[in-house]
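Okay, so here's the structure we're looking at.
The values are calculated or read from the model by the stated rules, or taken from the named source; none is laboratory data. Quantities reported herein were computed from a predicted structural model and do not represent experimental measurements. Positions of Cβ are generated from backbone atoms using ideal geometry, with glycine treated the same way; all protein chains shown enter the neighbour counts. The area values use the complete protein model at the heavy-atom level, side chains included, leaving out ligands, DNA and RNA. Shrake-Rupley method; radii C 1.70, N 1.55, O 1.52, S 1.80 Å.
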Amino acid sequence: RGTPNMALRGAIDDPRFAARDGHVVKLVVGTQDFTVEEVPRAEADAAWAAMRPAARFVPRLDLRTRALVDMCDVGTAELGSVGAKAAQLGEVCRLGGDVHTPGGFVLPTTLYVDHLVHSHGDAAIRQMLADPAFRADRSVRETQLAALRATIAGAPIDPALLRLVRARLASFQSRGQPAGRVIFRSSTNAEDLPGFNGAGLYESVVVPAGADDAAVSQAIRRVWSSVWTLRGFEERDWFRIDHTAVAMAVLVQPFVPGAVANGVAITRNPFNEGRPAVFI
């Protein structure tokens, strides 16, 4: 959204902020400094409206396959069927050389859509999106979205699919990967896109080593249902993303044992835009 981002020690007690608690302010962040000032609500509304995309966006969706696929066999061309996270990690896997990934496999978006139909979640979505109260009242949205998530997460999963997933989980060990925790990662077709990163909107679920069928099934359904978190819906709505075209693939990966660090790499210089750099 172009929201200013900065870190400031003592901000809670800083009079520049404390004195404006509860007021609408304009925050301008530079490379080493910032300004903050109160503004009329109308000015803020106009600024937010100007930042919002003008056109509706329909994410790419491909429902031609139901087969589980290896992450390293997909790339950005398959984004509509495996989601952006899996597609882009597949590209990383293809780099080879000194770049290694834990691999994994993907439940394509078609399986999520199948589950929606089976659970009647598709009909609930259509009814919800057509409800004027849902659009107008945030508390109504929160209640209806929670009910939809419960519907998706509560419907039984296809037993044949569960058997396929369990067989794939067992194959991790046959490839020399130690038995351990496994993560079921969200991978929608509405995240990690140019102009819309979607960070933190959806959920990933960790299951312990030796998890039973119930735990594996619950993890898949919980990831599927997270398409309809309140934060996910409202962020997509602000960006005018077509909710009916959003679908969840699930990327299943073993945890990396003995990790010494986690981080984020940004392919730009946040401190000096005129100086090329990578920030980690």
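Some notes on this structure:
- Residue that is modelled with the highest pLDDT [pool: residues in region 266-277 that are open to solvent by less than 100 Å² (accessible area, probe 1.4 Å) and assigned to a loop (DSSP other than H, G, I, E, B)]: A277
- Among the residues of region 258-273, the ones that are more than 22 Å from G30 (Cα to Cα) and under 25 Å from the mean Cα position of the chain (by Cα) come to 5 in all.
- Filter result for R222 (under 17 Å from the mean Cα position of the chain (by Cα) and without any contact (Cβ under 8 Å) to a residue 40 or more places away in the chain): no
- Verdict on L164 being part of a helix (DSSP H, G or I), open to solvent by 60 Å² or more (accessible area, probe 1.4 Å) and of a type in the set (A, V, I, L, M, F, W, C): yes
- Near pairs, Cβ below 8 angstrom, 6+ apart or cross-chain, from region 193-216 (closer than 23 Å to A155 by Cα) to any residue that is among the polar types (S, T, N, Q) and not in a helix (DSSP H, G or I): L201/T229; Y202/S186; Y202/T188; Y202/T229; E203/S186; E203/T229; S204/S186
- The set of residues in region 1-35 that are over 30 Å from E191 (Cβ atoms) and either in contact with a Leu (Cβ under 8 Å, 6 or more places away or on another chain) or part of a loop (DSSP other than H, G, I, E, B) (or both) comprises R9, G10, D14, A19, R20, D21, G22, H23, Q32, D33, T35.
- Filter result for the condition that a residue is touching a helix residue (DSSP H, G or I) at 6+ places or on another chain (Cβ under 6 Å) and closer than 17 Å to V58 by Cα, over T151, T244, T188: T188
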